[in-house]
Amino acid sequence: MPPMKSEDTTGPVYWRSLEELQRTPEFREAVKREFPNDAWDQLPPATRRQFLKVMGASLAMAGLTACRWPKEEIVPFAHRPEGRTPGVPERFATSMEMDGVALGMVVTSYDGRPIKAEGNELHPDSLGALSAIAQADVLQLYDPDRSRRLLLREGGQQYVKQWSDFEASAVEDFGGDGTGLAVLTERSSSPTRSLVRDRFLDTYPKASWHEYEPISRDNEREGTRLVFGRPLRVHPKLDAVGVVACFDADPLFDHPSSLRLAREFAGARHPESGAGARLYVAESSFSLTGVRADHRVAIASSRVPVVLARVAHLLVAEHHIELPAAAAGYAGEAGQTLSGEETRFAEHLASDLANFQGGGAILVGHQQQPAVHALAAVLNQVLGSTVEYTADPDPDRPTHLQAINDLVAAMRAGSVQTLLILGGNPVYNAPADLRFGELLGEVPVSIHLSLYDDETSQRCTWHLPRAHGLESWGDGRAWDGTWTTRQPLIAPLYDGRSALEVLALAAGMEHTTGYELVRDNLGGRFRVLDFDTVWRRALHNGVVGGFAWETVSPRLSPGRLAVAVDGLRALLDAAPPTSERLELVLTADSRVWDGRFANNGWLQEVPDALTKVTWDNALLISPGTARDLGIDDGEMVVIEAGEASIEAPAFVLPGQARGSVSLALGYGRTAAGQVGNDVGVNAYTLRTTAAPHVISGAKLRGTGRKYALATTQDHFAIDTLGFEERNLRVGTLVREASLDAYLANPEVFHEHEHHPPLISLWKDQAYEGEQWGMAIDLNTCIGCNACVVACQAENNIPVVGREQVLNQREMQWIRIDRYFKTEPGLRSDEIDDAEVVFQPMTCVQCENAPCEQVCPVAATQHTTDGLNAMVYNRCVGTRYCSNNCPFKVRRFNFFNYHKDLADTTMMQFNPEVTVRARGVMEKCTFCTQRIEAVRIGARNDNRPIADGEIVPACAQTCPTQAITFGNLNDPESKVSKLHEEKRSYATLAELNIRPRTQYLGRLKNRADGGGDVGHGAPHGEADGRGKETA
Amino acid sequence: MNEDKSNDIFIFPRWSWVLRPAVAVGALGGALYATIVVTFGFSPRATDVGYAPVQPVPYSHAVHVGQLGMDCRYCHTGVEQTAHALIPPSQTCMNCHKSVRSNSEKLIPVFESYSTGMPVEWIRVHDLPDYVYFNHSAHVRRGVGCVSCHGRIDTMEVVSQQEPLSMGWCLDCHRNPERHLRPVEYVFQLDWVPEEDQLALGARLRETNDINPPQDCNTCHR
């Protein structure tokens, strides 16, 4: 069909997917179905006989259900522990460690079952927030696929063993001076583990020690080594007003301190308190930071050094910044041709950096080469940036790639007799050219400690079940070095042991329980008589004060800088990628990370922030490149990189750099478990030691076959008429303005509200007590999905699986709407780049709620504090409410999703929230269980509810504190004040539904003052809709 | 004769017509009967009230509360603070029964539990559906006596359910709490009777203690 031109020519066009914009035949077919999530037409036709059978069964069941419910037992403690009240949740500070950084969290335990993880306010990397991944760790604990026993694999047979068997055989395996003994572990910052490692290496001086992580910040570390002569840890700060430039960096999402950085970024972004940093982003694929950028340019990863070098050149040549003599090589004309867009970006950035000296920062992504990090470090140093440094905690550690290379060389030489692998999954995630799996089979004794009997375990002789983080004692260091404790909330479910304990056992230490090791280690640092008090306080707070590393003021090291300058020059000479010689960027996945969370249903089902794809990874390709290569959206393509090739579905993503395609790691697992097996494609097969992140010269070939990606982006779509109508409205749903426009005219967000007088058919309800409301700040929301998972954990929301997501039956109560925004008048086949805006959408608890007005059984009702209560046991499942909901935030239980869950998984359920059965509608309740808990407590104490005392799960975990909840009847409450702000607006005000959640408009702070007002459609008198304004 | 009778229709003989009114009466009567059976026979008042399961230990509230005068809160420690009143741990029983009747056969399950650490499996008498979130502290702290829902526990040898605990029954009180309000200090006194008219007292207490029981669905259902 001919590409459609958007009719609206005055303002930007908002759209959710290319299919929608193009109105492809498939899309039209899909929206034609009135009830897309019904599957009637997919069922075999029911015969009369079937019907009678079903009816007969229903009648028989009806007789059974009328009796008194089954006998229930109450089993009190025989001896109730002191201070413990059954049925009252307790909270414990603990932590989880990923890639050698400990993240503090506070876990709620209900009668001994940890059910929900929240951030630890005292922890510098959390500040009370928690990422989606860290929250989902609780579900991993209860995963029924976790390994439950020790396995010994010998001669093609598999034997179930006990720990005592392993201990006996370990005496033989770990003998002598450690010749032929090698250890491969995950990176860990645990001080106790360092201690145990040292003891282990003392016992076996000839043993070799290797640490490997597939995703790391090693390039950054090596970059600092080039510049300062020693490895340093980089600590960006985003709260200083000025300018932040990100080159392939995503500080708001994939940095170990991203929760803190997001808080700082958002804190500075309130126009009432200051403009906040101006954010420049140059990147190959959309990151969450890129979405927030004021200036963004989509460039291939291999072009990043070129643009950064041009910025350096401009700073010296035009803004008279002096580089130190050793770094003078950076100033030379790079000689590279830049596109107009790249040049404009570099010019704006250079002049802003020069203006904001002392208040800016240049950040480079972990997939960029050390030489690029080195240049950024030099510029940061010269410009006096806000970036801080501390000494690297483990300066002698080789890079992870080097470490696994060394191990593989030793294995190849046959000098490894016993290999102890603590955690990790190297068979799956080591670079493909090392052929780690094959070599592992030749090691006589290999031992793998792991949560799952995974790819690596299956190639080892011994598999040991690992205790989950919530089952074991431990400690760790935050990114800034803060000592972080970890305590178990539950005894190991499956007889697992922690890496610490196994290592201590192998080292032949006297104390091998995690508790003793961790406590003794901390005790050794305190010379106090009353260590017990210190210990209890450490466990209570989750952090121990006084251990953060001191910042250092490094000096440039001239000797190495020459190497860095040469290294950069080599990068500048590389030819830019083209459609024929593509650049393939392998990225950490936003949900399963490096693959370790592949068996986690919550994470698999969270839609990726940008693509909205669930249960899959897809090859991201820019519309322009796709057109060049003749590849359709959703088509299976063959990617050839070097000697390897794989097939993956293509996802055409506007805003992706031309000539650059991205594929997330972490999918295509074969031994992850029931949930994660065979989901997506395994990008590790393309990864080599030479090009672990950016592979150049990749080729792409379409196969013509289509693959149905389970994306949620077109769900609740409407026909063309609706699309046009919505397009007129999106500008009023997601309101944007430039900072300058807002400062000049604070009413800019309300200029376009036109609707007839709003008269209600219903009598207004009077509110005497509380009246709950919410405010969501679009200016600080970064679309990170933390709220979605928090809500899922808090409210017992089921995981429905890929098939059901394809049927538009996803259940998450919060949906983060992602709109692409393009200039008006652009034809759908001209689109290449686009801006993105996020809008978290959940039930806004309308005052005049359309859902309440159509429910035939009054199952959804207005409460005296203004909520739309959903009464599950009254609901008969007509779904009228969902059809009448203008925001499409109601979710229907098409099946008894909870019925077949494993007993352990059910242990995660929040007992304060009903588990919904089939045939029942559900939706956001503003966490009514939390409201009631606080209300009852306050009433018991005869005091009013304080502002901020009730915090819904989403608001609690939001890293940027974009969500505020409170009492609208109290004019002094935070939420009332936010609703009074000029940026605050109600969505779909013209329907007179009076939502209780209001949004605060998004601002852009471009250097050229540009940035548009979202609503530009014909309006007012022109469309004859009346002149009144609310 | 090869007559094919397959197409013949069956016609009721004339004599059977007299049965027609009987069928009509039967159908109507059946519907009425079913309605009555369901309404009254299946109501919580019929099925639940009087439920008195045999407990593993024949604990007598009549002896402990009625005769010995023990306070409810000695065992049900959570009742003023939390949602659950709490069934006491075996330890609580043993505070006295270490020395009192320490040879009684009836107490064997408690002794066993105390020594092995395994719980006594009591049988729940007052069982609300899982989608109901009742909170004891919210009622007790406002002056709703134990007796209002549980009856005269202090006279029961075997605890039995006295009230239907149905939603209608809950709402009766949430709409008109006056009939069940008492001064907070008498909440645990099961035999307390007001000296004045209950309705007048209830209305006064409601006014002074600012008691407005919510009738929203989400008060109890979450």
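The values are calculated or read from the model by the stated rules, or taken from the named source; none is laboratory data. None of these values were measured; they are calculated from a predicted model. In this analysis, Cβ positions are derived from the backbone assuming ideal geometry, glycine residues included, and neighbour counts consider all displayed protein chains.
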**Item:** Of all residues making up the range A:265-287, the number that are surrounded by fewer than 24 Cβ atoms within 10 Å (Cβ to Cβ) and assigned to a helix (DSSP H, G or I)
**Value:** 1
**Any chance B:R124 is crowded, with 20+ Cβ neighbours inside 10 Å, of a type outside the set (F, W, Y) and farther than 17 Å from B:M70 by Cβ** = no
**Request:** Among the candidates A:R269, A:R260, single out the residue that is modelled with pLDDT of 90 or more and among the charged types (D, E, K, R).
**Result:** A:R260
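Among the listed residues B:G66, B:G50, B:G78, identify the single one that is part of a helix (DSSP H, G or I) and within 30 Å of B:H174 (Cα to Cα).
Being part of a helix (DSSP H, G or I) and within 30 Å of B:H174 (Cα to Cα) holds for just one of B:G66, B:G50, B:G78, which is B:G66.
Matching residues to (1) among the polar types (S, T, N, Q); (2) in contact (Cβ under 8 Å) with a residue 60 or more places away in the chain; (3) over 22 Å from A:L259 (Cβ atoms):
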| site | (1), (2), (3) |
| --- | --- |
| A:G769 | no, yes, yes |
| A:C781 | no, yes, no |
| A:N796 | yes, yes, yes |
| A:Q804 | yes, yes, yes |
| A:R818 | no, yes, no |
**Message:** Quick check on A:V854: is it surrounded by fewer than 18 Cβ atoms within 10 Å (Cβ to Cβ) and not basic (K, R)?
**Reply:** yes
**Fill in**
In the range B:81-136, anything at the interface with chain A (Cβ under 10 Å from one of its Cβ atoms), among the charged types (D, E, K, R) and part of a loop (DSSP other than H, G, I, E, B) is listed as B:E121, B:R124, B:D127, B:D130
**Asked** Got at least one residue in the range A:856-863 being aliphatic (A, V, I, L, M), within 13 Å of chain B (Cβ to nearest Cβ), more than 17 Å from A:R996 (Cβ to Cβ) and assigned to a helix (DSSP H, G or I)?
**Response** no
**Message:** Being within 24 Å of the chain's Cα centre (by Cα) and either in a loop (DSSP other than H, G, I, E, B) or away from every other protein chain (no Cβ under 11 Å) (or both) is the filter here; which residues of the range B:200-222 pass it?
**Reply:** B:G202, B:I211, B:N212, B:P213, B:P214, B:Q215, B:D216, B:H221, B:R222
**Message:** Step by step: first the residues of the range A:198-235, then only those that are at pLDDT 90 or above and among the small types (G, A, S), then the one that is nearest to A:S188 (Cα to Cα). Which residue is that?
**Reply:** A:S216
**Asked** Pairs, please: C-beta under 8 Å, at least 6 apart or cross-chain, first residue within 7 Å of chain B (Cβ to nearest Cβ) and farther than 13 Å from B:G78 by Cβ and in the range A:69-98, second among the aliphatic types (A, V, I, L, M) and part of a loop (DSSP other than H, G, I, E, B)?
**Response** A:V75/B:V120; A:A78/B:M118; A:A78/B:V120
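From the list A:S147, A:S190, A:S131, A:S194, which residue is small (G, A, S), in contact with a Phe, Trp or Tyr (Cβ under 6 Å, 6 or more places away or on another chain) and at pLDDT below 95?
The match here is A:S147.
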**Request:** Report, by residue number, each residue of the range A:404-423 that is in a helix (DSSP H, G or I) and within 28 Å of the chain's Cα centre (by Cα).
**Result:** A:I404
**Prompt:** Considering the range A:910-932 alone, what residues qualify as being assigned to a helix (DSSP H, G or I) and at the interface with chain B (Cβ under 9 Å from one of its Cβ atoms)?
**Reply:** A:T928, A:Q929, A:I931, A:E932
**Item:** Only listed residue being surrounded by fewer than 22 Cβ atoms within 10 Å (Cβ to Cβ) and in contact (Cβ under 8 Å) with a residue 60 or more places away in the chain, chosen from A:L122, A:L103
**Value:** A:L122
**Request:** Identify the residue in the range A:864-892 that is away from chain B (no Cβ under 14 Å) and within 30 Å of A:R113 (Cα to Cα) and, among all such residues, is surrounded by the most Cβ atoms within 10 Å (Cβ to Cβ).
**Result:** A:R891
**Message:** Tell me yes or no: at least one residue of the range A:462-471 is of a type in the set (F, W, Y), over 26 Å from the mean Cα position of the chain (by Cα) and within 19 Å of A:Y212 (Cα to Cα).
**Reply:** no
**Message:** Among the listed residues A:L184, A:L195, A:L201, identify the single one that is assigned to a strand (DSSP E or B) and more than 19 Å from the chain's Cα centre (by Cα).
**Reply:** A:L184
**Prompt:** Pairs under 7 Å by beta carbon, first residue more than 19 Å from A:E73 (Cβ to Cβ) in the range B:94-122, partner of a type in the set (S, T, Y) and in a helix (DSSP H, G or I), six or more apart or different chains?
**Reply:** B:M94/B:Y114
**Item:** Scan of the range B:1-38 for residues that are among the polar types (S, T, N, Q) and modelled with pLDDT of 90 or more, ordered by number
**Value:** B:T35
**Prompt:** Does the range A:74-96 include one or more residues that are part of a strand (DSSP E or B) and more than 27 Å from A:D475 (Cβ to Cβ)?
**Reply:** yes
**Asked** Could you say which residue among A:V281, A:V196, A:V171 is within 28 Å of A:V372 (Cα to Cα) and not hydroxyl-bearing (S, T, Y)?
**Response** A:V281
**Message:** Among the numbered criteria (1) over 20 Å from A:H123 (Cβ atoms); (2) β-branched (V, I, T); (3) crowded, with 21+ Cβ neighbours inside 10 Å, which one does A:T512 miss?
**Reply:** (3)
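How about the range B:147-159: which of its residues are in contact with a Gly (Cβ under 7 Å, 6 or more places away or on another chain) and either without any contact (Cβ under 8 Å) to a residue 60 or more places away in the chain or surrounded by 16 or more Cβ atoms within 10 Å (Cβ to Cβ) (or both)?
B:D154
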